[in-house]
Amino acid sequence: MGAIEIFLVSLMIASCLLSSVSAATRHYKFEVKMQNVTRLCHTKSIVTVNGQFPGPRIVAREGDRLEIEVVNHVHNNISIHWHGIRQVRSGWADGPAYVTQCPIQTGQKYLYNFTIIGQRGTFWWHAHISWLRSTLYGPIIILPKKNTPYPFAKPYKEVPIIFGEWFNADTEAIISQALQTGGGPNVSDAYTINGLPGPLYNCSTKDTFKLKVKPGKTYLLRLINAALNDELFFSIANHTLQIIDADGVYVKPFETNTLIITPGQTHNVLLKTKPHFPNATFYMIARPYVTGPGTFDNSTVAGILEYESKTKLHLKNLPLFKPLLPALNDTNFVTNFTSRLRSLASPQFPANVPQNVDKRLFFTVGLGTSPCDQNKTCQGPNGTKFSASINNVSFILPTTALLQSHFFGQSKGVYKPDFPYSPLNWFNYTGNPPNNTLVHNDTKLMVLPFNTSVELVMQDTSILGLESHPLHLHGFNFFVVGQGFGNFDPNKDPSNFNLVDPIERNTVGVPSGGWVAIRFLADNPGVWFMHCHLEVHTSWGLKMAWLVQNGKLPNQKLPPPPMDLPKC
């Protein structure tokens with residue numbers, strides 16, 4: 001072998017070694033099975049992953065490949081979504097049933113196979129079919145690449161804190177009844193922190209999450225709102241939180257005593273503990289922020305922050321402090337908090353906001369009505385069914401997967417590629433609602449050429465009541481360039497857009513009685529879901545899908561589906 005050949009072989013070996021150091025393949029096995037769980041002195045059998053509630057934690061690094069085998073041992077169809085992971089050219093692994101895949105049927109399995117590209121932070125996984133995510137959820141922690149530090153001082157310890165909801169009743173029965181009657185579903189019996197309701201509920205003192213800390217340390221709390229139906233205020237008594245990350249994107253740090261987190265969102269916060277043992281314990285509590293006319297779980301979940309002491313102390317005898325949270329409907333607080341969120345926009349972590357826009361879209365979001373099914377009794381206005389809609393289209397999930405239909409050119413009869421760019425009927429969106437509240441039920445997709453830069457304004461409507469809507473976009477991050485109250489003014493409002501350091505997210509709340517403007521680049525080919533992350537609205541149709549076409553280059557095209565893709 002000559003010197004050149006030896007050099008090339010050495011280079012190949014070094015390259016392989018480097019890639020093995022910088023990225024790895026991480027394997028997980030998710031056995032979906034029933035498990036008896038007791039909360040609030042009520043035992044029921046719930047759908048779990050590996051018998052855990054909440055489910056197991058996934059940990060990887062930026063650049064790693066994840067292979068997660070999901071085996072379905074229950075009677076329900078199953079699909080899993082890796083919330084916030086962009087799935088660059090791996091839409092087959094995104095998860096929403098009948099959008100990017102057919103669900104995994106009983107006795108079947110599917111290998112979710114994808115790479116973490118250009119992301120690090122806190123994400124989460126959850127079931128994406130029916131109401132199964134009430135128990136099927138867990139954290140995803142993506143660490144920076146090896147030898148890449150955080151843009152803040154390294155914390156002493158990292159702790160995932162995931163908010164959820166507990167229902168004494170069977171959640172599948174709850175949503176089934178709601179869909180049949182067209183009324184609002186029954187609310188949860190408790191909120192939870194890491195699956196535990198805490199001491200403010202009856203028969204729940206022993207089921208309390210306790211965060212044990214040392215004085216003079218900094219803790220990174222990875223907050224996830226996995227609740228089905230409520231935005232939540234969160235605070236820790238007598239402690240300040242520093243916001244450093246939103247939806248897996250670093251932000252300009254700022255301090256707050258209380259934060260707001262909508263369903264689907266994540267926040268990383270730094271908690272600096274007191275320098276000395278404080279001779280006290282502290283509640284960490286969450287309760288809902290409410291804007292709509294519907295019923296909600298008006299209760300409070302509590303965990304306890306406990307300091308470790310070198311001396312033996314009876315913690316029961318220490319005073320227990322409780323934080324003050326904003327009023328249930330404190331929209332001013334929510335607006336002020338969200339306006340403080342700005343991208344880091346540093347050379348290492350730039351805010352690549354699309355400065356020029358190819359396609360401007362205007363979507364109205366809100367509630368409407370559909371006729372009651374024949375021989376049924378419905379609980380909506382005047383005997384109708386509640387139906388959520390975007391641009392008056394209430395999305396109907398097909399019986400086969402949209403992505404598969406698109407990829408194989410079999411879309412006829414499955415979907416229509418003509419989702420409206422703006423409302424067909426204009427009205428005073430936040431004023432007196434129109435007399436006709438009926439929506440159009442259909443499966444329509446918004447088609448975008450590859451690399452289209454999009455500006456989307458989402459406008460809340462007063463039809464059947466103003467309300468905040470947390471919208472989640474699959475396959476992309478987007479920049480929140482503006483928001484306001486009342487009706488969006490296309491002549492005046494864009495002049496106030498932030499195109500320098502807007503917050504970058506995957507889930508954003510459309511303000512109650514207001515609007516939000518986002519921008520993103522459609523550079524990820526495939527079919528991508530966008531929906532309200534309130535489960536009640538998702539079930540009622542506040543959702544739509546984007547079809548991003550292939551680009552011209554090989555690395556701009558969606559690869560074929562894996563051999564084990566589930567069949568409908």
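The values are calculated or read from the model by the stated rules, or taken from the named source; none is laboratory data. These numbers were taken from a predicted model, which means no experiment stands behind them. Note that each Cβ is placed from the backbone with ideal geometry, even for glycine, and that neighbours are counted across all protein chains shown. The protein model used for the area step is the full one, side chains on, heavy atoms only, and it has no ligands, DNA or RNA in it. Shrake-Rupley method; radii C 1.70, N 1.55, O 1.52, S 1.80 Å.
With the Cα gyration tensor of the range 97-226 giving a ≥ b ≥ c as the square roots of its eigenvalues, does the rule (a/c under 1.5 for rounded; else a/b larger than b/c for prolate; else oblate) give rounded, prolate or oblate?
Because a/c hits 1.5 or more and a/b fails to exceed b/c, the range 97-226 counts as oblate.
Based on the alpha-carbon gyration tensor of the range 218-296 and its eigenvalue square roots a ≥ b ≥ c, which shape applies: rounded if a/c is under 1.5, prolate if not and a/b is larger than b/c, or oblate?
Oblate shape, in that a/c is at least 1.5 and b/c is the bigger or equal ratio.
Around residue 214, with a cut-off of 13 angstrom between Cβ atoms, what is the net charge of the other residues, counting Lys and Arg +1 and Asp and Glu -1?
Within the 13 Å Cβ shell, the charges total +4.
Working with all protein chains in place, sort 86, 133, 39 by solvent-accessible area computed with a 1.4 Å probe, largest first.
86, 39, 133
Roughly what % antiparallel, to the nearest 5, for the DSSP beta bridges in the chain?
Beta bridges within the chain, antiparallel portion: roughly 70 percent.
What nm value, rounded to one decimal, do you get for the distance between residue 311 and residue 148 when each label is placed 7 Å out toward the C-beta?
Calculated label separation equals 4.7 nm.
What value, in deg cm²/dmol to 500, does the helix sum -39500 (n - 2.57) over DSSP H runs of n ≥ 4 give at 222 nm once divided by the residues of the chain?
-2500 deg cm²/dmol
Could you tell me whether the chain comes out rounded, prolate or oblate from its Cα gyration tensor? Rule is a ≥ b ≥ c as square roots of the eigenvalues, rounded for a/c under 1.5, then prolate if a/b exceeds b/c, otherwise oblate.
rounded
Roughly how far apart, in whole Å, are the Cα centres of the range 43-115 and the range 339-368?
Computed from Cα coordinates, the inter-centre distance equals 28 Å.
Under 19 Å Cα to Cα from residue 385, which lysines show up? Leave out anything in the same chain fewer than 8 places away.
376, 543
Highest mean first, what order results for 214-223, 88-97, 340-349, 371-380 on Cβ atoms within 10 Å?
Descending packing order for the listed peptides: 88-97, 214-223, 340-349, 371-380.
Counting Lys and Arg as +1 and Asp and Glu as -1, what is the net charge of the other residues whose Cβ lies under 13 Å from the Cβ of residue 25?
Surrounding charge for residue 25 is 0.
Hey, which lysines would be in cross-link range of residue 412, C-alpha to C-alpha under 17 Å, not counting anything within fewer than 8 residues on its own chain?
Straight-distance partners of residue 412: 444.
Which aspartates and glutamates have a Cα lying under 14 Å from the Cα of residue 206, excluding residues fewer than 8 positions away in the same chain?
Here the aspartates and glutamates satisfying the reach criterion relative to residue 206 do not exist.
Pairs to check: 154/210; 33/146; 29/154; 29/146. Give those whose C-alpha atoms are more than 27 Å from each other in this structure.
33/146; 29/154
Just reorder 412, 44 by solvent-accessible area, largest first, 1.4 Å probe, all chains present.
Ranking 412, 44 by accessible area, largest first, yields 412, 44.
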